[in-house]
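Heads up, the thing below is written out as structure tokens.
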Amino acid sequence: MTHPRSNRLVLFATAAVVLAAALPSAAAPPDPTLESYARAREVVDAAVAATGGAARINAITTLVVEQSGTGWSRNQSPQVAPPFASNPQQGRIILDLAGGRLSSEISGGFPGGTFATRTVITPEEKFVLDLQRRTVQPNDALALVNFDFFHRLMPPLLLRKALQQAASLRWLGRRDLDGRPHDLVTFAWDNGLTPTVYIDAATHLVSKYELLFPDNLTGDAVSELSFPGYREVSGVQVPTGYVQHIAGVKATELRYDEVRIDAPVDEAAFEVPFGFRPIAPPPTGDPRVVELAKDVYMIEGLANWGYNFFFVAFDEYLVAFDASVSRAVSARAIALIKEKVPDRPIRYLVLSHHHDDHSGGVGAFVDEGAIVITTAANRAYLEEMAASVSSLDGPVPEGDRGTPSFELVSGTRTFKDATHEVVVHDIGPSPHAAEMLVMYLPAEKILFEADLLNTPRSGPVGPAGDVTVHFAEAIRRLGLEVGTIVGIHGGVGSTADLEDALRRRAAR
């Protein structure tokens with residue numbers, strides 16, 4: 001027989017279940033991913049509407065930008081410390097979005113020289129025109145990233161890409177910029193980049209975007225592109241130009257002198273001009289070690305074949321020349337050196353000059369225990385460079401970094417044993433860098449240099465700039481008997497190439 005109290009407990013429990021079923025359920029907490037996406041989508045849709053509307057920006061077929069302004073040579077100036085040298089720049093960008101074509105022309109200066117190039121990418125071909133040397137070089141390595149970069153220079157196209165990648169949109173919060181509230185959103189670009197886009201909460205226009213990148217001097221760093229103003233062109237709000245900062249330092253400031261949307265493009269901009277000499281495309285494949293003379297080596301193919309690397313094997317140690325473009329590239333060079341000459345340490349690293357595409361990997365050599373041969377003004381800069389590590393290049397190595405040891409050159413520094421001799425000459429001040437070292441092998445008549453004579457891997461040299469004129473004068477002043485001139489960039493040259501460059505300058 002069931003106890004009456006048990007019956008009451010059953011009745012109460014049943015009633016509670018029925019009542020709970022009848023009441024509305026408690027609201028589920030918001031999903032953070034959906035919430036972040038919804039907020040970002042709201043912000044981006046408002047920006048698209050303010051910029052011209054989705055229908056208009058998605059219908060853009062061509063875009064032409066004529067631009068001019070100034071570039072600052074961060075870590076590439078004659079002096080190691082700021083203020084950095086500035087040079088005028090001008091150019092033209094043609095984006096044929098319907099045809100998948102790009103023509104980008106830029107000209108300007110750099111310390112001790114000038115440049116003028118045009119890069120062309122079409123579905124059928126990719127090539128670079130050197131407008132000073134009047135050469136054309138096919139280059140299949142010109143990737144989609146080149147095309148995408150110019151999309152990011154124009155906010156309507158940046159927003160169009162955000163709409164295409166809508167599932168990756170996320171809201172990062174709100175922050176003041178120049179005293180005005182901005183919504184920060186991000187999304188995944190096709191090539192894996194994730195820009196942080198600042199959108200003005202009042203005007204809904206893009207004020208700037210930021211990207212992370214590994215910097216040789218500061219480690220993990222931010223590159224930012226800001227748009228100071230807007231104007232309307234063909235129903236689309238376009239910026240008046242842009243200002244770029246790299247790791248907090250102004251690098252470029254360009255005006256958009258003219259912007260044309262959906263206008264016919266100049267077909268000649270996608271063609272090779274008459275009379276341009278073809279030169280061989282850049283080499284491909286893995287780096288290789290080439291013996292230039294007994295115990296004298298060049299590593300070709302580092303950093304996508306943009307850099308050579310040199311080292312000399314003495315009886316008890318090795319001397320290397322320059323530290324290439326980054327710690328990672330120099331680490332690869334060091335591995336190749338150890339593979340070729342496994343029984344001797346890299347005791348010395350000779351740095352030609354402070355520019356970060358030649359000193360960026362100094363930390364890898366310092367960690368190996370190499371003594372850095374440089375000039376007095378570069379020491380503090382190189383100490384900072386050697387200590388810098390970016391997590392964006394991979395896991396940060398464990399343990400303490402090596403402590404740099406320096407030998408400061410003023411005049412000459414000679415390395416010599418029973419069978420080898422290398423003389424380091426200080427030839428500064430050069431128009432390219434105030435302090436400049438070259439490495440000379442008297443017996444072999446080989447001269448190693450950086451940025452002073454860039455002999456192409458095929459085709460003729462270009463007209464000599466002020467840097468090359470100064471280099472030739474230094475060789476004559478020092479009385480060096482030079483047969484072979486090998487630069488960090490390009491191929492193996494000779495004094496004949498140097499004289500040819502000087503003749504071309506005189507003729508021009």
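The values are calculated or read from the model by the stated rules, or taken from the named source; none is laboratory data. Note that the structure is predicted; figures quoted are calculated from it, not measured. All Cβ positions, glycine included, derive from the backbone under ideal geometry; neighbour counts span all protein chains shown.
A few comments on the model shown:
- Residue satisfying all of: in region 353-372; under 26 Å from the mean Cα position of the chain (by Cα) and of a type in the set (Val, Ile, Thr); surrounded by the most Cβ atoms within 10 Å (Cβ to Cβ) among these: Val362
- Boolean, His204 is farther than 26 Å from Val325 by Cα and touching a residue at least 60 places away in the same chain (Cβ under 8 Å): yes
- Residues of region 189-209 that are of a type outside the set (Val, Ile, Thr), surrounded by fewer than 17 Cβ atoms within 10 Å (Cβ to Cβ) and at pLDDT 95 or above: Ala201, Ala202.
- Here Ala443 fits the description: over 31 Å from the mean Cα position of the chain (by Cα) and at pLDDT 95 or above.
- Arg74 meets each of the listed conditions (1) in a loop (DSSP other than H, G, I, E, B); (2) under 27 Å from the mean Cα position of the chain (by Cα); (3) surrounded by fewer than 16 Cβ atoms within 10 Å (Cβ to Cβ) apart from (3).
- Matching residues, region 402-425, being among the β-branched types (Val, Ile, Thr) and not in a loop (DSSP other than H, G, I, E, B): Thr412, Thr414, Val422, Val423, Val424
- Flag for Asp367 being at pLDDT below 95 and closer than 30 Å to Gly192 by Cβ: yes
- Looking only at region 429-460, and only at residues there that are without any contact (Cβ under 8 Å) to a residue 60 or more places away in the chain, in a loop (DSSP other than H, G, I, E, B) and touching a helix residue (DSSP H, G or I) at 6+ places or on another chain (Cβ under 8 Å), the one that is nearest to Ala280 (Cα to Cα): Thr455
- Candidate set from region 319-352 (those that are part of a loop (DSSP other than H, G, I, E, B) and within 19 Å of the chain's Cα centre (by Cα)); member that is nearest to Val296 (Cα to Cα): Asp322
- Inclusion of Pro123 among residues that are in contact (Cβ under 8 Å) with a residue 24 or more places away in the chain, over 24 Å from Asn87 (Cα atoms) and assigned to a helix (DSSP H, G or I) is not warranted.
- Residue among Gly487, Gly483 that alone is assigned by TED's automatic domain parsing to the domain that holds Phe321 and under 29 Å from the mean Cα position of the chain (by Cα): Gly487
- Scanning region 447-495 for residues that are at positive phi and in contact with a strand residue (DSSP E or B) (Cβ under 7 Å, 6 or more places away or on another chain) returns a single hit, Gly459.
- Test: Asn304 is under 28 Å from the mean Cα position of the chain (by Cα), of a type in the set (S, T, N, Q) and surrounded by 18 or more Cβ atoms within 10 Å (Cβ to Cβ): no
Table: residues versus (1) free of Cβ contacts under 8 Å to residues at least 24 places away in the same chain; (2) assigned to a strand (DSSP E or B).
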{"position": "Glu232", "(1), (2)": "yes, yes"}
{"position": "Ala251", "(1), (2)": "no, yes"}
{"position": "Arg255", "(1), (2)": "no, yes"}
{"position": "Glu258", "(1), (2)": "no, yes"}
{"position": "Pro273", "(1), (2)": "no, no"}
{"position": "Pro281", "(1), (2)": "no, no"}
{"position": "Asp286", "(1), (2)": "yes, no"}
{"position": "Val312", "(1), (2)": "no, yes"}
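- A single entry from Val329, Val325, Val272 fulfils the requirement of being β-branched (Val, Ile, Thr) and at pLDDT 95 or above: Val272.
- Neighbours by Cβ (under 9 Å, 6+ apart or cross-chain): first from region 464-492, more than 17 Å from Pro442 (Cα to Cα) and surrounded by fewer than 21 Cβ atoms within 10 Å (Cβ to Cβ); second at pLDDT below 95 and aromatic (Phe, Trp, Tyr): His489/Tyr307
- Checking each residue in region 182-215 for being assigned to a strand (DSSP E or B), within 19 Å of Tyr37 (Cα to Cα) and either in the same structural domain as Ser390 (by TED's automatic domain parsing) or among the polar types (S, T, N, Q) (or both) picks out Thr186, Thr196.
- Matching residues, region 161-181, being part of a loop (DSSP other than H, G, I, E, B) and either in contact with a His (Cβ under 9 Å, 6 or more places away or on another chain) or touching a residue at least 40 places away in the same chain (Cβ under 8 Å) (or both): Leu169
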